[in-house]
Structures are given as structure tokens and as C-alpha cells.
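Below you'll find the structure, written out as C-alpha cells, and then a few comments.
Bear in mind these aren't lab numbers, they're just calculated from the coordinates by the rules spelled out. From a predicted model like this one, the values you see are computed outputs, not experimental measurements. Cβ: placed from backbone, ideal geometry, glycine included. Neighbour counts: every protein chain shown.
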């Protein structure tokens, strides 16, 4: 029976893998719903105050670039050649083979540079690039020098040509509105287990298990690393768990295909969850046990990719500290990534001195208590690991001893003798690594195919029942208190560039198409709907958009209304309603934050003891509405205190206006 369950678990997992490669409609079991276009009013202010509305910030985001490109392709003819040139350069920069870069660079030069020079319009008309940029590329090509940044001068000048009037026209367009819609979705992500379809277990660690999973709204496959909060508390591992999340956030930005990166982190009442790149090719320890030792040629390939992964970490001042074959995972194409940053450490401000890692791979300076070290420790561990790939054991476990103290003693005192079968180049590399001399050469990696391609249609991991699970009796007496949960209040995280890349690769086009159809249908059904923002044009409206208002006589029902904030008042109306309601700043006593059923709300206390409760539909909206309402109220109070008091009857709490209609009222709203 157990064997049958294991087979079914494997089949379910493999089917999910295949489904993730199919069409977007088949990938997603949930739909991403973009908010109404009116969200632009709130999001533009929200992003502007965080300096997120610059050309560079938007252009360098995946979704921002796609929308900017779409805008230029349809509206700005002179920008099209620059964007095509830019994309060609970016594709060139991804090439790792010098031979491929030489071929592609000549093609780019002929199509985008020489063609313009020959037409005598290189500077004056379409591509305003400088002679300096031309000379830079020509000089390098003449010497057959093709570094990845060969066309960088052109990148700078392309961006300079787009960031002025063209970018301003984009900000005024519907494409920027769509960017605001997508950005609102991104900034309002609150993940739970319901957002994933969890499949078989693929690994286990000290605090929990790793599962294959599929994200419901995009269909993308990930690895979900779940740490048990009770087990963490029992082993006093809170610092380690939180440190792993910090280290992953540091290394998961920028383009690095050699580290298992994190896209999301979230937690449930009893679990901490990391959503990581799924590596379905097994680890090097698994393949070492299945196929035996690797050849020097194979090892060279793996060493190069691991070195690039370590350099990515070290450039961000992260020392890994746990390099070993079990932590090097293969993808389906045979390329490797470094995984499990539980012991990684930031050395940007203070060098670590703790003795952590796996015995047989730890550097001498790590073993010597109280000795500070930096990234050099990883290079020693790399030497130990490469030796194991070649010989089947660590250089300090030649007799397969399991005595940790003996292994540590040998690491500190023994000189490693390298076999005569190793080539002079290999000996030089290992001697340099094991003596912490890191001036070794960097090797080409993509020019040769990976030495081991994991078989498709197989899980390439231990049987689910062999991996096993934790005994719940171990943590039966452990209770999670409010103080324990407080430790994890800032644990949730979304890596923006990775979320945008995931969306762009899966459902971006389908969601945009559906949203366009829905918005057109809404406008056709009711001309007033979908144009709520028109009322604010030409007036002193600070901000406008949908919010939920606690309504009915008993204040128990949320009513969705469209609000306008002016310096001296708040107006709102229901969908399809012609009448409006008005609340003046003079009537408001305080603007406060409150909470109703775990949802943050804005509480306006009104003269006469009444309350006005508002709830926003996303986090950015709540932050911005609360800020703008508070500032408008504060400024209005200052003006009222300076103004002469009017003798006479006060206004009623809420004024209902039915005439004249919104479109015919003046900027004072009366």
C-alpha cells in the first residue's frame, strides 16, 4: 500500500510539472484580477512619494518595460528603433560564449550602427547616438574584444533619449494606468497555503520539509520549504530561521542562475514557508551515490557554475558557510545551483567568528573559535567539495571516519596530498583553494554541455517514504505563545522582480486581454461607470477611488462607494447613483486607525458622537488614504482656527446632495 501511495505521489508531481509548461489557461486554477483603472489616482501618489515614478525605476521593471514598450510601439514611432536596439543588446549580454558574442555583436553592429552611418542619419534623425559610442564599439570589434558590456555606451544613450518627453507621454497614457493596476496587485500580495497546490515531499531538513508545489494564479512550479514553528522553538532556532529569510532576500535579486533563489516568504500559525526555485534534477550527493565519482572534465563544469554562484553572494557580502554536494542541486537541463542558506551570514559590517558548517568542509579559520573570517571560508569549502566529487570523500575523511573531532583535527593540521592522476591545472586549483588562495582562474561554463542531464519523467529524489516525516510527539509539549508569533510579524516578503518575471512568463497577456474586455464592457454598459475620475478633472481634488464604508442603521454592512477627497470635504456616491453625499472637514473631530476583524480601517469621529468607518481594498490604498485624509484634516483645522467664527446654526453631520449634478458643481462642491 505504501508503494502505491509513493507511485501516486510521484505521478501527481510529474503531472503538475508537465501542466506548468502548457498554455496559461491550463496553468492557473485562480485568476489575477486587476483593480479598476481609477486606482491610478491613489497609486500615482503612493509611488511618487516613494520615488518609484522615475524613468529608471519603471523601465527597469519587467512589467514597466513591457507596458512602456507597448506604448511606444503603438504611439511613438521614433522610439521603436531604440527599443529594438535595446532588446538586442540585452540578449547579447546574456550570451556566455565569446564565440556567440562575437557573431551577435557583428550582427548588431551591421543592423543598428553601420546601417545608420551609411544612411547619413545616425546622429541627426532617428538614433541620436554619439561618435564616442560608435568609436568604442568599432575599436573593440577590430580587436575581436567582445565583453558583455560592449554596447553599454549605447544603453546609456538609448535611455537618455527615452526618459524625457517620451516617458512623460507614457505617464499620461492608459499604459501607465495599467502599470498602476499591476503594481497595486503586487503590493497587496498576502499569501496563504490556499495559493498553492502542494505535491510530494522532495526533501527534509532540521526544522521541516521541502515540497514540490504549483502557484495557483500563474501555474508556476516552485519548491516550498516549510519550517515547523514548534520545532524551531524546541531547538531554539528562531535566529537561524529569520537569518535564512534575510540571506535569501539579499541574494535573490539580480540575475544569478546559480543560486536557488526565493520569490516569496509567508507564514501560517504553525509554519514558516519559503517559496524557492524548484530544482527537479536531484543533488550532487544523490548523483554521486548513484553514478560514482565525476571526471575532471565534469568537475570543471560544476566548479565554474558554483564559483559564479559564490561570487554573486560575496558581491552582496554574504558568506555561505555550508558548501557540500548535498546542497548543490541540478535543474532539468543539468546546470547547478547552490541551495539552503540557513547558515549563510552577512559580513558587510562585522566579520563572523562562529564555528558553523559541516565537518570535513569547514575551513580552519571557521574551526578556530573566536577567529574572524570572511568569504575566504567558502573557497576552502569549495576545494573540499571538489575533492569529494573526484574521489568520493572529503580530503580530511580519507578513512571514512565519522569522528567529528578527528575530522576537525585533520583539517587544522594535515597537509592534503593530491593524487598523481590529477592534472597540473587541477592540482593548482585545489592547492589554491585549500590554502585559501583565491586568485584562481574563472572557467567557461555554457560553452560545453552539462555532463549529466537528469532523466525526464523521473522525480530524481529519494522515495517519499524514504525521506520520511517528523514525529509529532517530539513537539507535543511545545506551545506557541503570542510572543513567539510576534517574532515573525515581518516575515512575509515578495521579491518584486521575481514576481514580475513569473507573471510575464505565464499569465500577463491573458490577464491584460481579459481586463481590456471587462473595462470596455463596463464602459459600454454605463457611460458614467469607468469614468468616475472625470469628475475630479480641473478641480482641487486631492485623490479619489473606491473604498468600503460601514453602512446601514446598525453599522454592520460594508458598502462599496466611490470617494473624492478635497481640501475641505469628502464626497462619495454609490455605483450608478446620481446623488452624492458630503462630509466637511469642519464636522470631523479626529482621523484614526482602527481594526475590524483583523482588517485595518480608517475611523473618522464626527461631531455629535457619530463615527464614519472606511476600509480600503488594498494595503497601498489604506496607507495613502489614511495619510491624505489626516493631512487634509490637519490643514483644514489650521485654517478653521485662523478664520473668524461664523455666528449661526451649524451644519448637519452629513449632507446629501441630489442637485445640481456632479458635473455642474463648482470646485467648492456647493
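Would you mind getting me the FRET efficiency between residue 642 and residue 481? Use the beta-carbon distance for r and R0 = 45 Å, nearest 0.05.
0.30
How much length, in nm to one decimal, is gained on full extension between residue 593 and residue 51, taken as 0.36 nm per residue of separation minus their Cα-Cα distance?
192.6 nm
Which length gain, in nm to one decimal place, applies between residue 490 and residue 635 when the Cα-Cα distance is subtracted from 0.36 nm times their residue separation?
Values: separation 145, 0.36 × 145 = 52.20 nm, distance 3.32 nm.
48.9 nm is the gain from fully extending residue 490 to residue 635.
Quick check: Cα centre of the stretch 278-347 to Cα centre of the stretch 90-119, how many Å?
Taking the Cα centre of the stretch 90-119 as reference, the centre of the stretch 278-347 is 33 Å away.
What spacing in nm lies between the two simple spin-label points modelled at residue 522 and residue 579, each 7 Å away from Cα in the Cβ direction?
If labels sit at residue 522 and residue 579, their model points lie 2.5 nm apart.
Going by average Cβ density within 10 Å per residue, which order do the peptides 508-517, 475-484 take, highest to lowest?
Top of the packing list down: 508-517, 475-484.
Given R₀ = 35 Å, FRET efficiency for residue 238-residue 355 by Cβ-Cβ distance, to 0.05? List each step's numbers first, then the result.
Numbers: r = 20 Å, r/R0 = 0.57.
For R0 = 35 Å, the calculated efficiency reads 0.95.
Go through 184-197, 207-220 and give me the packing order, highest mean Cβ count within 10 Å leading. Mind dumping the intermediate values first?
On the way: 184-197: 15.6, 207-220: 22.1.
The peptides rank, most packed first, as 207-220, 184-197.
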